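Asks: The structure is given below, and queries will be raised subsequently.
The values are calculated or read from the model by the stated rules, or taken from the named source; none is laboratory data. Fair warning: this is a prediction, and the values are worked out from it, not measured in the lab. Positions of Cβ are generated from backbone atoms using ideal geometry, with glycine treated the same way; all protein chains shown enter the neighbour counts. Only protein heavy atoms, including side chains, enter the accessible area calculation; ligands, DNA and RNA are left aside. Shrake-Rupley method; radii C 1.70, N 1.55, O 1.52, S 1.80 Å.
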Amino acid sequence: MTILVLNGSPRKNGNVAVRLRDELKKYAGDTVIWEDVCDLNFSFCAGCMACRSRGTCVFPADDAHRIADEIKACDMIFVGTPVYWGNMNGKLKSLFDRLVGVMMTESKFGIPLPLHKGKKAVVVTSCTTPFPFNYLCGQSTGAVRAVKEILASSGFKIIKKVNISNTKKIPVVAK
């Protein structure tokens with residue numbers, strides 16, 4: 001099985017990355033492709049919608065095209081993100097914007113159709129807000145909702161959600 005990991009945190013050894021690695025241990029022996037999203041070089045989506053009919057972005061080749069190929073080839077995806085204002089990291093969101101044509105297509109009536117049915121997903125988030133306020137105030141729930149919407153609309157079945165709260169009290173190993 002091939003697992004694609006999209007680490008949306010700018011901290012390569014932060015809480016999100018550590019938890020993603022912990023979750024991956026359950027899949028020892030599988031092929032893992034690890035992508036630090038904040039290191040990727042790609043242009044922002046222009047909203048032209050041509051990707052929906054073409055199945056690929058019309059922009060010149062960049063890292064978003066490479067990730068698109070990795071998504072097509074993977075059997076499972078792990079998506080991790082810190083919570084920024086109740087949502088996913090902006091760079092991760094920008095990447096997903098560029099990947100619409102690889103994630104879904106649409107019927108002749110404009111109804112979205114998923115392209116990754118049968119694939120599984122794990123979502124990892126972290127935020128500084130302490131439990132239970134990370135849920136009550138919508139911080140963790142907002143980020144999970146946003147990632148889940150993208151993955152579920154693309155056909156991925158979310159098999160696990162991991163939320164790390166109160167990260168101010170967790171020491172970060174910066175490298």
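Asks: Is there a residue in segment 8-23 that is modelled with pLDDT of 95 or more, of a type in the set (G, A, S), more than 23 Å from A146 (Cβ to Cβ) and touching a Ser or Thr at 6+ places or on another chain (Cβ under 9 Å)?
Replies: no
Asks: What are the residues in segment 46-63 that are closer than 10 Å to G101 by Cβ and either open to solvent by 50 Å² or more (accessible area, probe 1.4 Å) or modelled with pLDDT of 95 or more (or both), if any?
Replies: Selection gives M49, R52, S53, R54, T56, V58.
Asks: Tell me whether segment 76-83 contains one or more residues that are touching a Lys or Arg at 6+ places or on another chain (Cβ under 9 Å), over 21 Å from V144 (Cβ atoms) and part of a strand (DSSP E or B).
Replies: Scanning segment 76-83 turns up no residue that is touching a Lys or Arg at 6+ places or on another chain (Cβ under 9 Å), over 21 Å from V144 (Cβ atoms) and part of a strand (DSSP E or B).
Asks: Pull out all pairs, ordered by first then second residue, where Cβ-Cβ is under 8 Å, the residues are six or more apart or on different chains, the first lies in segment 148-175 and is within 19 Å of L115 (Cβ to Cβ), and the second is modelled with pLDDT of 85 or more and of a type in the set (G, A, S).
Replies: Sorted first by the residue in segment 148-175, then by its partner, the pairs are L151/A121; G155/G118; F156/A121; K157/G118; K157/A121; I158/A121; I158/A152; I159/A121.
Asks: If you scan segment 152-175, which residues turn out to be part of a helix (DSSP H, G or I) and either closer than 17 Å to P82 by Cα or at pLDDT below 85 (or both)?
Replies: Result: T167, K168, K169.
Asks: Could you check, for segment 153-166, whether at least one of its residues is within 11 Å of the chain's Cα centre (by Cα) and either under 18 Å from G14 (Cβ atoms) or surrounded by 14 or more Cβ atoms within 10 Å (Cβ to Cβ) (or both)?
Replies: no
Asks: Can you tell me which residue is modelled with the lowest pLDDT among those in segment 70-100 that are more than 23 Å from F133 (Cβ to Cβ) and over 12 Å from the mean Cα position of the chain (by Cα)?
Replies: V100
Asks: Right, something else. Restricting attention to segment 1-44, which residues are touching a Lys or Arg at 6+ places or on another chain (Cβ under 8 Å) and assigned to a helix (DSSP H, G or I)?
Replies: Of everything in segment 1-44, those that are touching a Lys or Arg at 6+ places or on another chain (Cβ under 8 Å) and assigned to a helix (DSSP H, G or I) turn out to be A17, E23, V37, C38.
Asks: Restricting the search to segment 2-30, which residues are crowded, with 22+ Cβ neighbours inside 10 Å and over 26 Å from K168 (Cβ atoms)?
Replies: The answer is L4, and nothing else.
Asks: Output the number of residues of segment 69-87 satisfying the condition of being open to solvent by 10 Å² or more (accessible area, probe 1.4 Å) and among the hydrophobic types (A, V, I, L, M, F, W, C).
Replies: Of the residues in segment 69-87, 3 are open to solvent by 10 Å² or more (accessible area, probe 1.4 Å) and among the hydrophobic types (A, V, I, L, M, F, W, C).
Asks: Sort out which residues of segment 16-65 are in contact (Cβ under 8 Å) with a residue 60 or more places away in the chain and of a type outside the set (A, V, I, L, M), and write them in order of number.
Replies: Listed by number, the residues that qualify are R19, E23.
Asks: Look through segment 97-136, keep the residues that are free of Cβ contacts under 8 Å to residues at least 24 places away in the same chain and outside any helix (DSSP H, G or I), and return whichever of them is most open to solvent (accessible area, probe 1.4 Å).
Replies: Restricting to residues being free of Cβ contacts under 8 Å to residues at least 24 places away in the same chain and outside any helix (DSSP H, G or I), the top hit is K108.
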